[in-house]
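This report refers to the structure that appears directly beneath it.
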Amino acid sequence: MVLIPDFYFIFALLLFNFYLLMIVIALPKGALLTDSIKLFKSIGLDFSAFLDKGNRQLQINDPTNTAKALLVRAQDVPVYVEYGQAQLGIVGYDVLREKQPQVAKLTDLKFGYCRMSVAVPETSSYRRTVELPPHGRVASKFVNCAREYFHSIDLPVEIIPLYGSVELGPITGMSEAIVDLVSTGRTLKENGLIEIEVLYESTARLIAHPLSYRLNRGNIHEWVQKLRNQTEASTAARK
Amino acid sequence: MIYQPPAGARDLLPLEVAQKSWINDRLQQVFQKWGYQRIVTSTLEWLDTLTAGGAIEPSTVIQLRDNSEKTLGLRPELTASIARAAVTRMAENTYPQRLCYRANVFRHPPQNYHGRQLEFYQAGVELLFAGGVLADAEILLLLAHCLEDLGIPDWHILLGEAGLTRSLLAVFPQSIRQQVRYCIAHLDCITLENLSLEPQLKERALCLFDLRGKAEDVLEKISGLDLDPSARAIVSNLKSLIELLGRSFSKPLPLILDLSLIETFDYYTGIVFEVVNYRGDLAKGEARGGVAATALQERSRILGKGGRYDQLLGLYHPQGITSPGIGFALNIEDLHSCLLLTDRLPQQTPKSDWLVIPKTPEAESAAFVYAQKLRNSEHIVRVEIDLGGRSPTEIREYARACRIERLAWIQADGTPIIETV
């Protein structure tokens, strides 16, 4: 390794401003993490250290020191990107829909498919959402999506915000229904719930900090293009 | 009971005030050197006045009610007020009008942003009753001079042309045009790609989405598009403007032409621009191949924005006669945060030069007289009176803590004993 005096460091920084700045990418913990890391690995940025069981680090550089990744909760990805602490991020459409962040929405990455659905106990008589009792209760982690949906069908309901294990809402009798993400439907089934309506479908999305995108900071256009090409290639391969 | 300011409101303590005044005083000086005169308009306006231009949503205005039928609002920006004043109160004046301001503005934070700042300070200019390339150039050069005078590091101007973008959008069918515009303004490529558009229109939409970069490159790309005569005229003006700017500033203007920089409402009619600064923390990364890399852990801010609004003045004119106008506003808070990382700002509030201490009750009036004598100097001399109740040792400690260099002990007979700390 060559040691560089500060002066030359600054000088180099000024000269190669746009090329050497390291971009920062916010990655979501949970369901989308493995596929996100696979995607970035395919364009030469390896963050697989996040997948190690023993890993406790919240930010790591890729081995070539080209980019840094932050490991954050899925709901927090658009926050880091909106405030410009990360230039790029991967997040589910469900989170974008729920939080309406001011970020650039660049590409549908086509993985992490799931749907936002209304579910009720199998034993209940409800088979369509319009059959739910007016002023009934609906438990959800996605309060805004739920509110917007019931508003759109003109059904007044009380939304009960929960942070996890939403299925317990109807099981314990606290609510008539839930609005939650469904991917395989196994959790619903094992808890005696059935899906009666799909609000929308969701996949992983590539988002960017709007100003960084406009100014092409850290050459992010090139990275975005690589991610797009890779997504197209793998979608084509799947077909 | 603890009295706190409302969420989003804040108090500025003396040091911050001194630093922000430094910024604002310099800006006002630059404005004056360019022939701009300060105007003061009312903090309160009718809500209708504030929202007439179409750029301000009533929900973003902090509204107030009095006993009249109409709603009042705290101004969220100054252009509406200045436009109103200029066409109604200054109609007899000579043209053009060069007006500048320093003022506080108020904005309701959007939902989900609890506690976000709601009172802001701005400094800005409006150049009214003047259109054309020269007026546009004046405003952009004035902006550049302001930033250079303050010593803002690493600033860029994002420059758009609302008229041109609007005419590039005219090829889209009316039914879908607003959606295309929304997607481009909000950088939502995913929705844009999924709109049902003919292939060549989709190509045009995606081209518009990324129509930004170095001015020459973007202009070349545009000239390859199918343009109507009015759009050609705008492009040719834009070219002249950029050439003129290139030759009229001491260094190349850090300009990025961005034709996706557009609002979803028709407030701006010509050039639009934002000044952006990147506050990069020079977090040193490991050396890579002999060259240092650094993490882009930086915070970008929009320091100010502006543009041309040639339809606005007509909305406030009693006979609806419209006239061109252009201006910009700089955000004092953002300039301040950006300058905090430099050594430009005053680091301390001004200290007092003298502390005058009456040694006995009989000396009190003599102390006031002596203090006033010290103050009556050509330059500012700051003189404090000691208000009693402290021993000489405590007084000296106080003086040291406050960086006061000279003490004047006033004797019973009125004569001072000068002491240097």
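Measuring gaps between exposed loop sites in chain A (chymotrypsin sites (Phe, Trp or Tyr not before Pro); DSSP loop; at most 14 other Cβ atoms within 10 Å), the longest gap, sites not included, is A:164-239. Rg and Dmax, both from the Cα atoms of chain A and both in Å, are 21.3, 74.
With 22 Å as the cut-off, how large is the P(r) tail for the stretch B:52-154, expressed as percent of Cα-Cα pairs?
Result: 48 percent of Cα pairs exceed 22 Å.
Which of the listed residues, B:175, B:163, B:118, is farthest toward the dipole's positive end in the stretch B:14-339, when Lys, Arg count +1 and Asp, Glu count -1 at the beta-carbon? Of B:175, B:163, B:118, it is B:118.
Where Lys and Arg each count +1 and Asp and Glu each count -1, what net charge lies around residue B:55 among other residues with Cβ under 12 Å from its Cβ? That works out to -3. Here each label is just a point 7 Å from Cα along the line to Cβ, and for residue B:322 and residue B:176 those points are 2.9 nm apart. For the stretch B:318-421, trypsin sites (Lys or Arg not before Pro) are listed when DSSP marks them as loop and at most 14 other Cβ atoms sit within 10 Å of their Cβ; the list is B:351, B:382, B:390, B:403.
With R₀ set to 22 Å, the beta-carbon distance separating residue B:43 from residue B:21 gives a calculated FRET efficiency near 0.70. Dividing the summed helix terms, -39500 (n - 2.57) for each DSSP H run of n ≥ 4, by the number of residues in chain B produces a 222 nm estimate of -11000 deg cm²/dmol to the nearest 500. Inter-label distance, residue B:349 to residue B:394: 2.1 nm, where each label sits 7 Å from its Cα along the C-beta direction.
Among B:82, B:234, B:157, the largest mean-square fluctuation in a Gaussian network model of chain B, built with springs joining Cα atoms closer than 10 Å, belongs to B:234.
In summary, the lysines within cross-link reach of residue B:214, defined as a Cα separation below 20 angstrom excluding same-chain residues under 8 places away, comprise B:239, B:251, B:305. If you look at the Cα atoms of the stretch B:14-339, you get an Rg and a Dmax of 20.8, 72 Å.
What does the net charge come to around residue B:264 if you take all other residues with beta carbon closer than 15 Å to its beta carbon, with K and R at +1 and D and E at -1? Please report the intermediate quantities before stating the final value.
Details: positive: B:166, B:177, B:181; negative: B:57, B:188, B:263, B:266.
With Lys, Arg at +1 and Asp, Glu at -1, the neighbours total -1.
Each Lys or Arg adds one and each Asp or Glu takes one away; over the other residues whose Cβ falls under 15 Å from the Cβ of residue B:72, this sums to 0. Hydrodynamic analysis of the protein assembly as shown uses the Kirkwood radius over alpha carbon pairs. Inserted into Stokes-Einstein at 10 °C and 1.306 mPa s, it gives a translational diffusion coefficient of 54 µm²/s. With 0.36 nm allotted per residue and the present C-alpha distance subtracted, the residue B:64-residue B:250 stretch has 62.2 nm of extension available.
Note that the stretch B:9-95 carries a Kirkwood radius of 15.5 Å, evaluated over its alpha carbons pair by pair.
Would you list, by chain and number, the lysines whose Cα falls below 18 Å from the Cα of residue A:68, excluding same-chain residues fewer than 8 positions away? Qualifying lysines at Cα under 18 Å: A:29, A:38, A:41, A:226, B:284.
Sorted from largest to smallest, which semi-axis lengths in Å does the alpha carbon gyration tensor of the stretch B:354-420 give for its equivalent ellipsoid, taking the root of 5 times each eigenvalue? List each step's numbers first, then the result.
Values: eigenvalues 57, 53, 16 Å².
Over the Cα atoms of the stretch B:354-420, the semi-axes work out to 17, 16, 9 Å.
No value in this document is a laboratory result; all are computed from the given coordinates. None of the values given here were measured: they were computed from a predicted structure. Ideal geometry is used to build each Cβ from the backbone, glycine not excepted, and the neighbour counts take in all protein chains shown.
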